[in-house]
Amino acid sequence: MRQNPYEILGVKQDASQKDIQSAFRKLAKKYHPDLNPGDNKAEEVFKEISAANEILGDEEKRARFDRGEIDINGVERAPFQQHREYAGTNGGDAFFDEGGFSQFGGFEDIFESFMSRRGGQANSQFGGGQFRSKGADVHYTMEVPFLDAINGTTAPVSLGTGSSLDVKIPAGTRDGQVLRLRGKGGKGAAKGQDGDALIEIKIKPHPFFKRDGDDIRVDIPITIREAVLGGKIKVPTPGGYLNVTLKPNTNTGTTLRLKGKGAPKTGGGYGDLLATVKIVLSEKPDPDLAALMENWAEKPNEDPRKHLNL
């Protein structure tokens, strides 16, 4: 496994958190096991990018990695620099001099660093005469209805063991977002820490709502009478219907902005609902409307398509 998370995600060391998140999502969609069934190489790459994102996606862990305090697996690095300084003053025999182990944290730290540098299992430790290993992370995909993702909910996800687990879906969850359930993955060996469950959210399309960043768009059909005379119309929002006043002489394509009725924002607050009106005729021909239009006297030089002239 490669040890440089920046190289794995294909970003520079000074990349912003937003760039890191974008790079991870792009790679996760490409190499996700569910999209590459039976492809062991894709599965290994997915494990790599997940481990890289675990470090770089967390600002505190990222800072510790950049300072050399932890490796890509989050394992504390043993103080090898202290060992080199000690060895330099003792003819290079520090490992065997009396009291040598106490100079750099004991045999446990040496073994832990040795295992991590050889590409051993993540978070492996040696202590109490046993080799402790963290359990493997497991990956699942969960489909969530559009409104549940916007408003938040709790839904069960089926695990590979045949059991299920209730998962809290935060309000404003986006398509492709990965939720981490700590300790719900594979069992750790010899009392090692259990792995995590990584749940990728797939949001089901809605019949008429569409998400646009933090805003939500919807098309609102209106009658000719409503377009000409205006009046109150019912507009659906993720939280229910609202009565909205339509101005007289409203054209198709007019967009009504309902402040704060969109999706929850990451930093707090809400986006807007953008309702675009469309004039529609009745499904069946209306003789009265047809008679009215036949007797309608159009004003001279009135051409709604004049802007389309070549």
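Please work out how much length the chain gains when fully extended from SER163 to GLU143, using 0.36 nm per residue of separation minus the C-alpha to C-alpha distance, in nm with one decimal.
5.5 nm
Which of the aspartates and glutamates could a cross-linker bridge to LYS187, judged by Cα under 16 Å and excluding same-chain residues fewer than eight apart?
ASP137, ASP196
Provide the per-residue ³J(HN,Hα) series for segment 242-251, in order, calculated from phi with Karplus coefficients 6.51, -1.76, 1.60 and θ = phi - 60°, each as a whole number of Hz, with x at glycine and proline positions.
Here the 3J(HN,Hα) series is 10, 7, 10, 7, 9, 6, x, 6, 8, 8 Hz.
On a 25 Å Cα-Cα criterion, which of the cross-link pairs LYS210/LYS232; LYS278/LYS299; LYS26/LYS61; LYS26/LYS191; LYS29/LYS168; LYS61/LYS210 come out too long?
LYS26/LYS191; LYS61/LYS210
Let's test the formula: R0 of 30 Å, r as the Cβ-Cβ distance of ARG225 and ASN301. What FRET efficiency results, to the nearest 0.05?
0.70
Mark the label point 7 Å from the Cα of LEU281 along Cα→Cβ and return the residues of segment 220-235 whose backbone N is within less than 13 Å of it.
224
As an exercise, take the mean of 1/r over every pair of distinct alpha carbons in segment 133-270, invert it, and state the Kirkwood radius in angstroms.
After inverting the pairwise mean of 1/r, the radius is 17.8 Å.
Taking the Cα centre as origin and putting +1 on Lys and Arg beta-carbons and -1 on Asp and Glu beta-carbons, what dipole magnitude results for segment 190-310, to the nearest 20 debye? Could you put the intermediate results ahead of the total?
Working: 19 positive and 16 negative charges, 74 e Å.
Dipole of segment 190-310, to the nearest 20 debye: 360 debye.
With each label point set 7 Å from Cα along the Cα-Cβ vector, what nm distance links SER16 and GLU43?
Taking the simple label geometry, SER16 and GLU43 are separated by 3.7 nm.
Taking the Cα-to-Cβ direction at ASP212 and at ASP66 and moving 7 Å from each Cα, how far apart do the two end points lie in nm?
In this crude spin-label approximation the distance works out to 3.6 nm.
May I ask you to evaluate 6.51 cos²θ - 1.76 cosθ + 1.60, the Karplus curve with θ = phi - 60°, for each residue of segment 260-276 and list the ³J(HN,Hα) values in order in whole Hz, giving x for glycine and proline?
These are the phi-based 3J(HN,Hα) values: x, 10, x, 8, x, 8, 4, x, x, x, 9, x, 10, 9, 10, 9, 9 Hz.
The numbers here are math on the coordinates, done by the rules we state, and not lab data. Note that the structure is predicted; figures quoted are calculated from it, not measured. Ideal geometry is used to build each Cβ from the backbone, glycine not excepted, and the neighbour counts take in all protein chains shown.
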